Structure formats: structure tokens, C-alpha cells
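Have a look at the structure below before the remarks.
The values are calculated or read from the model by the stated rules, or taken from the named source; none is laboratory data. Remember, predicted model here, so these are calculated numbers, not experimental data. Cβ placement follows ideal geometry from the backbone for every residue including glycine, while neighbour counts extend to all protein chains displayed. Areas reflect the complete protein model, heavy atoms only, side chains present, ligands, DNA and RNA absent. Shrake-Rupley method; radii C 1.70, N 1.55, O 1.52, S 1.80 Å.
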Amino acid sequence: MIEAMIAFVSCASREEAGRIAETLVQERLVACVNVVSSVESCYRWEGQLHWDSEWLLVIKTTAAAVDRVRQRVLEVHSYDLPEFIAFKIESGSTPYLEWIRDSVDT
């Protein structure tokens, strides 16, 4: 089985989401990034309850590259504590998983 991963990253604006997505794809750290608009986030930060509109990145990469993806997101993100949550893809279309593998420099 090809070891592919999906990661989630939330962003403050469309511009930031686009910049991060393009950076990750251009640097061949990921195969694809879906940019999902208008996500409403409720969270506690520094003792206060917050509601914010955010943009969600759905990132497809390989297990071998996921640590480099996380590091790059942390370098370019505007948040003090950016979300970066990654999951192994347990099952998927073999040709699609092969495309992910072939699109990422490992």
C-alpha cells in the first residue's frame, strides 16, 4: 500500500490559504491542496472563547514528506499556533494514491 496522508490546516484568509497551498505544491511537498472557503471555527484561545471565519486546507501528501510539510506550514503561517493535523489514508483509488506518491519529492 502506498503510504499517503491527508493534513488539515486552517487559515485566516483566502490570500493566506492560497499562498500556503501554492508554496506546498510548487515545492513538491504535496500533490494537491483543496482550499475550502467559509469554515466557521469555535475555539478557546488564551482563556477566551472565539468564533472566526477561516479557510481550510485539505492537503494530500506522502508519509515520507509529512514532517517537511508540517515544518513548512509552521514557517509560512501567520498564526502563533497553526493547526496541523495529519491522518494516514487507509484506503483509496490506487491510481490516485500513485499520483500522490509520484507528485511529491521524497
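A few comments on the model shown:
- The numbered conditions (1) surrounded by 17 or more Cβ atoms within 10 Å (Cβ to Cβ); (2) of a type in the set (Asp, Glu); (3) part of a strand (DSSP E or B) are all true for ASP52 except (1).
- Enumeration of residues in the stretch 83-101 that are out of contact with any Leu (no Cβ under 8 Å at 6 or more places or on another chain), in contact (Cβ under 8 Å) with a residue 60 or more places away in the chain and of a type outside the set (Ser, Thr, Tyr): GLU83, ILE85, ALA86, PHE87, LYS88, GLY92, LEU97, GLU98, TRP99, ILE100, ARG101
- Selection over the stretch 1-34 of residues that are closer than 16 Å to PHE84 by Cβ and either at pLDDT below 95 or assigned to a strand (DSSP E or B) (or both) gives a count of 9.
- For the stretch 60-82, the criterion of being touching a residue at least 60 places away in the same chain (Cβ under 8 Å), over 21 Å from ASP102 (Cα atoms) and open to solvent by 60 Å² or more (accessible area, probe 1.4 Å) is satisfied by at least one residue.
- Extreme residue, nearest to ILE2 (Cα to Cα), among residues of the stretch 83-97 that are open to solvent by less than 70 Å² (accessible area, probe 1.4 Å) and either of a type outside the set (A, V, I, L, M, F, W, C) or assigned to a helix (DSSP H, G or I) (or both): LEU97
- Some residue of the stretch 15-35 being of a type in the set (Gly, Ala, Ser), in contact with a Lys or Arg (Cβ under 8 Å, 6 or more places away or on another chain), open to solvent by less than 90 Å² (accessible area, probe 1.4 Å) and in contact (Cβ under 8 Å) with a residue 60 or more places away in the chain: yes
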